[in-house]
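Asks: Dropping the structure in here first, questions after.
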Amino acid sequence: MDFTFLLLILIAVAFLLRIDFIFYIIYICVGLYAWSRWYPPRALRLLKVRREYTSHAFWGETVPVTIWLQNQSRLPIPWATFNESLATELSMGQKVNQAISLRGKESAEISYEVKARRRGYYRLGPLRLTSGDLFGLFDAQHGRFPSDHLTIYPRIIPLTQLGLPSRLPFGTLSSRQRLFEDPARPTGVRDYRSGDSLRHINWKASAHTRNLAVKTYQPAISLETAVLLNLHSNDYQYKNRINRVEWAIEVAASLAAHLVEQRQAVGLIANGLDPLQGGEMFDEESGRLIHSHANQDRLPPAIPPRPGRAHLMKILERLARIEAAETLPFNQWATNACLHLSWGVTILAITTRGDAAACQTLHRLVRAGFNPVLIAIEPSYNFGEVRERARRLGFVAYNVSLISGLDQWRRSQRAAL
């Protein structure tokens with residue numbers, strides 16, 4: 001409005017004094033006014049933005065993020081500022097904001113890094129852009145590039161650090177029934193039969209006997225394993241509840257990774273909530289995906305046991321997002337949650353403590369034909385009684401709590417970040 005008023009005064013003076021130079025100034029001012037009104041709003045629409053990064057990361061990794069800005073117009077963008085919103089859990093202390101200018105068809109690259117300090121499903125962005133004319137004749141124009149997402153897997157801890165024995169009661173068991181043969185356990189050779197695989201031919205023995213001979217292996221049955229993770233929040237003591245829930249999820253992720261490494265089939269059943277199922281709702285302070293209380297009854301579907309690293313990534317992705325909530329208590333939920341599993345499946349039940357009710361629940365799984373293993377994650381000074389009770393009921397029990405040695409290991413890992 002001030003510029004318009006000044007322009008009207010110049011026009012009035014020019015007509016009164018009849019000075020050509022003032023008319024020349026008016027022409028320039030009108031041209032600048034029209035240009036400043038027309039071009040800056042279109043400049044942001046012609047600015048192409050792309051964010052490049054790795055969408056999944058393991059705990060402790062540093063993830064580089066690159067933002068590409070390209071002016072698709074032949075005309076320059078005099079100035080533009082951008083501000084990238086960044087979750088406090090990911091920030092390394094830096095603020096991602098900068099001012100740039102771009103010539104026609106020019107590109108700019110801005111890079112920063114985020115640190116995977118805690119598992120979760122995080123938001124990167126949105127990127128807020130601001131631009132305007134050089135003379136400030138009009139209000140600045142604002143644009144917004146949508147956010148992307150980063151999944152941070154839970155921490156994987158070696159079984160030796162968990163205090164578990166090297167040979168847990170799950171995995172491959174020997175069997176007299178020849179369901180399949182284990183190549184890791186050869187037993188000898190025999191004469192070739194029609195239908196035998198050429199990969200099993202023992203060429204040295206065949207050359208020695210002048211008859212085709214094939215290797216024989218010990219038959220085995222590969223038992224499937226399901227991780228049964230209790231995330232009912234009221235089952236955890238209110239004091240230190242957040243750390244205990246995170247610890248239970250880390251134990252589940254570590255066991256799943258160990259099983260896949262041993263080429264075993266593993267699945268996941270949990271009574272927590274997957275916030276991604278209830279629509280995206282992010283905590284504005286931390287930038288982390290949180291669940292909506294309106295979806296308390298929507299438990300995530302079970303992930304059936306499968307082998308392979310790709311399947312492990314699916315389990316870890318679920319464990320990265322899942323949160324404890326006031327869902328079904330463990331003793332009401334566990335038995336029905338395992339009904340879809342095949343007979344003989346090993347069930348690694350990760351829960352808070354091995355009280356009498358939890359042991360009776362696992363005993364029902366024993367009677368249903370499963371092989372449950374109790375893994376209690378809260379400290380217990382009388383866990384010997386729990387172990388003996390579990391033995392009488394037909395399963396084994398372990399206490400995997402945050403012992404002092406493991407606390408020291410966790411602190412050293414945190415300090416390394």
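Asks: Between a residue in segment 242-269 that is free of Cβ contacts under 8 Å to residues at least 24 places away in the same chain and any residue that is aliphatic (A, V, I, L, M) and buried (at least 24 other Cβ atoms within 10 Å of the Cβ), which pairs come within a Cβ distance under 9 Å, given they are 6 or more apart or on different chains?
Replies: Hits for this filter: I242/A324.
Asks: Okay, next question. For A57, work out the one condition from (1) at pLDDT below 90; (2) out of contact with any helix residue (DSSP H, G or I) (no Cβ under 6 Å at 6 or more places or on another chain); (3) surrounded by 15 or more Cβ atoms within 10 Å (Cβ to Cβ) it doesn't fulfil.
Replies: Just one mismatch for A57, condition (1).
Asks: Determine if segment 13-29 includes at least one residue that is at pLDDT below 85 and closer than 19 Å to G132 by Cβ.
Replies: Looking through segment 13-29, at least one residue is at pLDDT below 85 and closer than 19 Å to G132 by Cβ.
Asks: Something else now. Check R241 against each of (1) buried (at least 20 other Cβ atoms within 10 Å of the Cβ); (2) closer than 26 Å to R123 by Cβ; (3) in contact with a Ser or Thr (Cβ under 9 Å, 6 or more places away or on another chain) and name the one condition it does not meet.
Replies: (1)
Asks: Here is a further query. Among (1) of a type in the set (D, E, K, R); (2) within 30 Å of I156 (Cβ to Cβ); (3) modelled with pLDDT of 90 or more, where does E84 come up short?
Replies: Every condition holds for E84 apart from (3).
Asks: When you scan segment 147-205 for strands (runs of 3 or more DSSP E) that lie fully inside it, which ones turn up with 3 or more residues that are at pLDDT below 70?
Replies: Numbers: elements: 148-152, 172-174, 180-191.
Of the strands (runs of 3 or more DSSP E) lying wholly inside segment 147-205, those with at least 3 residues that are at pLDDT below 70 span 172-174, 180-191.
Asks: A further question on this structure: Here are R42, R37: which of them is free of Cβ contacts under 8 Å to residues at least 40 places away in the same chain, among the charged types (D, E, K, R) and closer than 24 Å to D133 by Cα?
Replies: Checking each option against the conditions leaves just R42.
Asks: Looking only at segment 69-107, count every residue that is part of a strand (DSSP E or B) and within 14 Å of L124 (Cβ to Cβ) and tell me the total. Break it down into steps so the answer makes sense when it comes.
Replies: Step one: filter segment 69-107 for residues part of a strand (DSSP E or B), giving 69-71, 77-86, 97-102, 107.
Subset that is within 14 Å of L124 (Cβ to Cβ): 82-86.
Looking only at that region, the number is 5.
Asks: Among the residues of segment 353-369, which ones are within 23 Å of L159 (Cβ to Cβ), at pLDDT below 90 and not charged (D, E, K, R)?
Replies: G354
Asks: With a cut-off of at least 2 residues that are among the small types (G, A, S) and surrounded by fewer than 21 Cβ atoms within 10 Å (Cβ to Cβ), name the strands (runs of 3 or more DSSP E) lying wholly within segment 305-407.
Replies: none
Asks: Across segment 223-272, what is the number of residues that are in a loop (DSSP other than H, G, I, E, B) and among the hydrophobic types (A, V, I, L, M, F, W, C)?
Replies: Going through segment 223-272 one residue at a time, the tally reaches 3.
Asks: Does I290 satisfy the criteria of being within 19 Å of the chain's Cα centre (by Cα), over 30 Å from R392 (Cα atoms), surrounded by fewer than 21 Cβ atoms within 10 Å (Cβ to Cβ) and modelled with pLDDT of 90 or more? Break it down stepwise before answering.
Replies: On the way: within 19 Å of the chain's Cα centre (by Cα): yes; over 30 Å from R392 (Cα atoms): yes; surrounded by fewer than 21 Cβ atoms within 10 Å (Cβ to Cβ): yes; modelled with pLDDT of 90 or more: no.
Against the criterion (within 19 Å of the chain's Cα centre (by Cα), over 30 Å from R392 (Cα atoms), surrounded by fewer than 21 Cβ atoms within 10 Å (Cβ to Cβ) and modelled with pLDDT of 90 or more), I290 does not qualify.
The values are calculated or read from the model by the stated rules, or taken from the named source; none is laboratory data. A quick note: this is a predicted structure, and the numbers were derived from the prediction, not measured. Ideal geometry is used to build each Cβ from the backbone, glycine not excepted, and the neighbour counts take in all protein chains shown.
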